[in-house]
Every structure is written in structure tokens, then in C-alpha cells.
Amino acid sequence: MGARNGDNALLRGSLEVHPVPATANQSERRPHSAPKLDSGSTGRHSFVFATSSALLARSSSDLGDDKRLIDLLRSKADSLLNPRSAFSPVLWLFGGNAQTIYTSLCDDPEVDKIKYECTLIRSSDGGTLAIDVVPSASKSLGAAKPVLLVTHGLTGGSHEAYVRAAIKHLTSLRFDCDGAFTIVVLNSRGCNQTPVTSPKLSHAGVTDDIRHAILWISASFPASPIYGLGQLLHCFSMGANALTKYAGEEGDACPLSAIVSVANVWDFVRGNALRNLLSTHREAFKHSSHGAQLSSIFKSRFVTLRQYHDTITSPLYGFAGADDYYAQISSVRYISKIRIPLLGLNAADDPVTGPDTLPVCDAFTNPWIVLAQTDRGGHLGWFERGPGGEICRWFVKPIGEFLGALLDYDLAPRPQIGVEYLGDMICQQGRPDISYVEPARKILRIWNLGTVVDQIPTKMRMYTWISCPRGSASQLCSALESCQTARFSSGPFRGSTGAVGAKENDIAAGLYQPIDVDCDLPTPHPSGTMDTTTPVTTDPQATEERDCRSGDGVPKFEPMSFSMNDIRAAIPTRLFERNTAKSMRYLARDMAMATALWRLALCIDPLLGSNQGISFLGRHVAEALRWLSWALYWWFQGLVFTGIWVIGHECGHGAFSESKIVCDIFGYVLHTLLWTPYFSWRISHHRHHSNHASMERDEVYVPKTRSDLGIPRDVNRPIDYEEYFGDTPLYTLFMLVRQQLLAFPAYLLFNVSGQKSYPPGTNHFDPRSILFTQKQRDVVIASNLGIAAMILGVQWACTRFGATAVLKYYGIPWLCVTHWFIMITYLHHTDPDLPHYRNKEWSYQRGAAATVDRPFLGWQGRFFLHDVAHFHVVHHFFPRMPWYHGAEATQYLRDFIGEHYMFSDKPVFRALWDNYNDCQFVEDEAPVAGDVLFYRDKMGRARRQPAKSL
């Protein structure tokens, strides 16, 4: 397409503008043909817009002459129109797939920390919507600030890194109008831990949920004067399609001032996310009219979006099938009716939308639309280098410039939505089907994925969830009834108070009964943060304030009172079934990966250490690549070896097969190959499970007491803990590394960190050790014979292949096994929030609950390590349950035991460092410390304490 002279001239540099006369015949062009760019310049931009770009009316004639949309962008959108500011991707993220994959991998918990105030509203169809606001609505009420409504991508939410990046950038901007945005994020039904209270999930064409959100904004922010309603719309991926469709449906009556549509999805690709979302809320759909159709979704390993929409979406929403659904929801059908400024931002190498889906013909004919496409960027990626060399997202800049330009221009106000108050119901005038009830209690959700935001005041209004674990309906009703009043935060009763009550059957059914009270927040940890083993950041059902608090603000802990029979009854029987063939498939997969990695490693030195490789790459490059290749081999082979060790561990519990003989044969071979005396360790490990968290009987990770470290307990004078724990960080790091590499052999050989009541010399290789009974001595000897065979085998291999080769191919990966094993088990059992019990208060179920689940290494932990860290709590309750049922069983367990389920999403290496420093000792004898103990840090402080003297 050629460029015209004048206003629509072709821009120089890396930018290309494609204006087309407004009279262009749409039928002569392919409906979704995107402009083709010269591939010679990385990250180039292409623009498509109508020659007769829309004339933007101002709110007052005193502000100057009206401008056309494209002219306003030319003067304000530097990142879109200045070649020096064009998107230039990170060199090693060279394509759309790499940019898209990095979008999932780059979620750094320390980047873009956001604290939301969340409100749950119940829509007229019974569904629940979660609306997150930043800054809080209570701070924004009455302020003349523009409101920005944000919608997310497929199965995402306000916690997503791309959403937080945009919010962080936009809230930092200041505009001529009056300060920064108030941002409202609409979380789709079932997404981001939003409870599902009707058998409907959201889909890419749902616009009534958007209408409910805009109605809530109209009722909550009536004082936004610049745009009347004051919204600018910003949307991502699937949400972009729904918002664009909404604007087209409303046409001239649309209350929005503008839309930014980022990575709008026009075609759907093969995926599994929707099935996972549905599985999370399967209970809400169990008794629906189409419940029988769900079985095919859950039984399939992979589900295409077409299958999902044929089976689930179409019956739910009345479509004839997937084809009819795609035709009806596609926002391209509604673009011609849009009458507000729209900026569409896409990447040509987006693997989700594809390069040919941009609705170019509609931009030709609709003066309100400007489409921008970059050569690179992937799907919601656009990663580039920042001014300081850091990796950042480019797309936040054009978003801020576009919205800022319109704000500073001071557009004429849009039509407002009428709000009616009918009792507790808030309705849209003329649309009785668009109405909602807003609970009086709000929620504090801190989305920085691992750390509670610093400097939270200890006294403020507490916004939290009231959840209802099974079996606790009556207790929750009593708690609600004890709160005398609740403040209404919106509607005609704003500022007033009213009595609070709850129906037990509603609570038992899983409904939420929010209230609003003034209460103390947890006192932040002295480091400025709070550990997230109390799941306040990731699981809204678990964000209820779990503990009563003492006078000094330390959370108080009440031990669990459930019986094992009750807990066992909450888990479906089918999850205890062991399948030998399925277990064998996991083992075969691991052995195949180990073999493949070894064969690949055999090529490293011949390729990169040879004269040919050095002459081709250069000595320094070849050497760097050689060491990088070895590092990757050690990392992944170490993970594979650890996964094989985990399967041997499952054999020891009898979870591998119904046959004890099969379990012992495979467990013995696998553990022996990895230097673990199978039967000896199995015996002590079973005793560990049977006595977990018992100070007197547990086998491993038994805390040191104050007297063990020689620390006095003098109530008359302060104790100088620096004298006992005044180690330098470097020395602490050295001791931590020593623990990671040597702790497991030290435990087997010398009972290091084991039960302190055992005599000196206790170890796992002496058949007469106190660890074993006389009947167990034969299997201990068998374990020793296996280790002796390994010693002979390694000696032979060193003689045959050389010690260096054995170290590279086998020794270092085995050291990785010891590291991962110790790190996993240490973090399972060592945490400031985990209790330890003396005899009086200990029970099996209390000990089993005294461990913590962690998303260890993300997908690598789930794939290579067989969920050993992700779902460890349920493993302690039921050790013989197969590991492949852990994820589903954890959902049932968490629902039943509620606040006693422990979870932390703190990054595991940070958690390792923090816990190594914060878990130093527990108090001594019961008369002083009681029978429930918590770790104390290097200053003698405990993060929790028993609710009463036990």
C-alpha cells in the first residue's frame, strides 16, 4: 500500500504509515489482511488508519481548536512515531515464541508490587465478580481522577505480570487534568481465585460482566468530572476482544472515552488453560444441566479450544456450537460501530493471534480506529532493554502516551450511565438485567507474588475474605454474629451501619458472607516483609485472618482439632488407588530423559573442545559455550536424577504399586544407584512420618532448643543475641552451602539434625543401631551390600573411564540430588510459621499439618520432581497416596482443614536464605514454653505463639 503526501506521508526510519482513503471498497480487500512490512528492520511499526481520521471534540471551546485523532497521536505518541523510541527487542528473545514464553517465565515477585483493594459483587444472574482497585476506592472517592478499567487475558487476572507492569507504569504518570489514574481491574469469573457461584465461566464474548463493572464504577466514582464517567478502557488479549465488542454494541451511547486493545485475540489456538480453570471450580458445575458433558473435558489429556467451546461454552450461553460461538463473539463484527478512539496494538509474530488477523479494512473505513503493529513482540511480550540495561516491557509506553494524550486533550464527556438503588440492589437505568449486590466488606489483596508489601500500618481497616471450610459453618456463623455492625461502602447506605448475620446453609454451600470491621493487621516482620506461608497473597479462601492476636501483635495459633477419620472421609477413595502401569510410565520417562541427557553430554567436549570447534567459534566463545553446556547438563540431569530418587521414595511408602515386592525391588535399585540405603532409610523415614513435628520422637529436622545453644533465659536483663548469632553473611552463606551438599550424607552417617535422644554413633549403616529392631537387621545388611556394590562400581568406572569423566557425567548430578533433596525437605519442615509439639499436644494429624506446600521451581518442580514439593502436606497425611493424585487431593484437603493448610509462594531460594536465618531455636521445657513451640530468629523473636498456655 502506498503512502500519500501531506498529513499521511510515509514516515522515515523504522516506522511505516498506511493511510487509505475512507472510500476504500471494503469488499475488494481480504477482511483481515495486515500490512506486510519490509523485514530489514527489527521491531518496525506499521500504522493503519482512515484518511478522514475522527475529529475529537473538546469539553470546552476555550481549550483551542479540535484536532484529529491521528494528529493528536503524532504530537504525543513518541514511542509509536519516533524511530528512536521504536520497539527493539532483547537480542536473545529473537522471535515471537521466545517473547511469549518469557512472558510466562519472567514473573519476578520483586517487580511491580501492587496492593489492590478488592470488592466482590453478586450480579443479577448469581455470578460473582471480583473488582480490584488501586489506589483503594476509599482513597479515590470524591477525587476528580480518571478511571481506567483493565481486563485481562485468558484465565488471567490482576496478578499477571503484564497487568501489573501496565498498572505500575500508568499509576506513576501525572497528567494535566488532575494527577494519575484510579485503576479498576475486572477479574473474570473463576479467574484469579474469584469464587464461582453460578455454573458459568467468562468467555471472550461476554460483555454483560463489563457492563456490571462499569455500573459499579459509575456508582463508586460519580465525581470523575473529566469524562463524566471518566473511564478509559485498557484491555489485554481475550479481554480486549470482549471490550472492543462492548464498545461496538453500545455505539454512540458508549460511556467510555477510549479503548486501548493490546494483543487482541481474533483466532483461538490449542490450549489447556480453560480445562484447568474449569477443574478448579468443578464443584460449582457438578449439578448443572450439562454436568455430564464435563467428563470428556476432564478425561482428555489435551483439550482444544474448539472442543472446550463445543462442550462447555456453547451449551452454557446458548450457541449452536463452536463455529456459531466464534462468529457471534468476534469483535471484528462490531468494530464498524465503534464511536470512541481505539488504539489496537499487536505484534506480527504473535503466535496466538497470527500475522494476518489485524482488521485492516475496518481501520480504513472507521475514523475512530488506529491500528499499530510491530514486527516483533510475541503475545503480550514486547520485552526490551531499559535505560539501565534491565529488561522491561515496551508496550506500557504507547499505552501511557495514548491515554495521556487524550486526557490532556480534555475530550468532551461521554453519555453517562444512570444508577438506580433498589434496596440493596444497584441497577442500571433502563437495563434491569444489569444489576448487582455489593457486600459491605472489601478485601486487601497484595499482588507481588511472594512478599507482603512493606510498611503496612499495624492499625487500619482490614479488608479480607470470609471463607467457609467444610465442617465450620456453625463456627463461622458465630463469628459473623459476634460482629455487631458493618459499614456499607457504596449505594444509598454509604457510611451507615447495619446488623450483620449469616445463614448456616449458605455458608455450608460455599457462599461468602462478607462484613466490614476495624481490626489490627499483622505486624510486619522486622525485615519489613511478612512470610507468605500464611496464604494471604495467593489464595483468597485462605486470606481470612487466621489467628487471634496477642497484645504485642504476634499471631496466635490454635492447634487443629479434626480427627484423621474426618480428614480421610473428605478425600475421595479413588485418589488412594495405586496404578503400577502408570507409575512405570513415569519411571520409564525419567530413565529415558537421563539417557538422552547423557548422550547429549557425550557430544559437548568433542564439539566445543576440539580444534575444529575452537577455530570455528574462537577460543573464548567455544570455552564459554562448553561450560554453559555442562552447566545445563548438570542442572537438568540433577533434576532428572532427583525425580528418579523421588520415585524410589514413593516405593518406600508403597505408593508405587499395590505389590510390596514390586515397590521394594524398584525402590532398592533406584535408591542404591543414588547412594541411599533403601531399607535403612525407609525405616527411619516411616518413623519420621509417624512422629512428624514431635519434639521427643521425630527422626529429622528436630529443632535445637535454647539450652542446646547455651542461650540463657534471663527475664531480668536483655540478652545479647549478637553474641550467639553474630555471623557475617559470608559465613552464613558458607554454612548454608555446606548444609545443602553434605547434610544428607551427614544424617545417614552421623545422625546430624536427627533425634537428639539417640546415643552418639547412631547411623543408618549399623544393623545394631537404635534405629532398627532385631527383625530389621537383615534388610539393613541388604542395603549395605547395595552401597558396597556401588562403591565397587564407581571404582571400576574411574579406572575404566577416568575419575574426571565419572565426576562430570555422574558425580556432579548426584551432588545436585543431595542439594535438591535437602532443600526440599528443609523447606517442608523448617519455617517460622510451622508448629512443633511436645507429647501432650502432639497428634498424628497435627504433625502432618505442620509442613508447607511450595511451588518449588515452578513447572520444573512439577515435571521433573513429580510434585514432591508442590503437594507435600497431603503426602504427610497419606504417605501411600500416589504422587500423581496429589494435586486433586490437596484441593479437598485444603477445603476441609481450611486455615491449617500451609502454603508459601515465596521464591524458594529466598525462602531457603530467610528460613536459615529466622529458624534458630525453640524454647526449652514445657513449664516455661508450653507444649506448642515455634522457631525463634537471631533476635529471639517468634513469628507466632500458642493462643493459650498448652
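The values are calculated or read from the model by the stated rules, or taken from the named source; none is laboratory data. Keep in mind it's a predicted model, so treat the numbers as computed, not measured. A quick note on method: Cβ atoms are made from the backbone with ideal geometry, for glycine too, and the neighbour counts reach across all protein chains shown. With ligands, DNA and RNA removed, areas are computed over all heavy atoms of the protein, side chains included. Shrake-Rupley method; radii C 1.70, N 1.55, O 1.52, S 1.80 Å.
For the pairs Lys245/Lys337; Lys113/Lys168; Lys67/Lys168, note any where the Cα-Cα span goes beyond 18 Å.
Over 18 Å Cα-Cα: Lys67/Lys168.
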Note down the nm distance, to one decimal, between modelled labels 7 Å out along Cα→Cβ at Lys556 and at Asp324.
6.0 nm
Please check which bits of the stretch 746-770 a label hung off Arg687 would reach, taking the label as a point 7 Å along Cα-to-C-beta and the cut-off as backbone N under 16 Å.
747-770
Rh_Kirkwood(the stretch 576-946) over Cα pairs, Å, one decimal, evaluates to 22.4 Å
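For Arg585 and Val752, FRET efficiency with R0 = 41 Å and r from the beta-carbon atoms, rounded to 0.05? Each step should come with its number before you reach the end.
Working: r = 37 Å, r/R0 = 0.89.
In this case the efficiency is close to 0.65.
Which order do Met591, Met560 take by accessible area at a 1.4 Å probe, largest first? Write down the numbers at each step before the final one.
Working: Met591 85, Met560 5 Å².
Ranking Met591, Met560 by accessible area, largest first, yields Met591, Met560.
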So how strong a dipole does the stretch 576-946 carry about its Cα centre when Lys and Arg Cβ are +1 and Asp and Glu Cβ are -1, to the nearest 20 debye?
820 debye
Cα→Cβ-extended label distance, 7 Å offset, between Lys840 and Asp208, nm:
5.9 nm
Between Ile114 and residues 5 or more places away or on another chain, which pairs have amide H atoms under 5 Å apart, with H built 1.01 Å from N, and which residues are they?
Trp447, Asn448
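Could you give the length gained by full extension between Gln891 and Asp65, i.e. 0.36 nm per residue of separation minus their alpha carbon distance, to one decimal place?
Numbers: separation 826, 0.36 × 826 = 297.36 nm, distance 6.06 nm.
Stretched fully, the Gln891-Asp65 segment lengthens by 291.3 nm.
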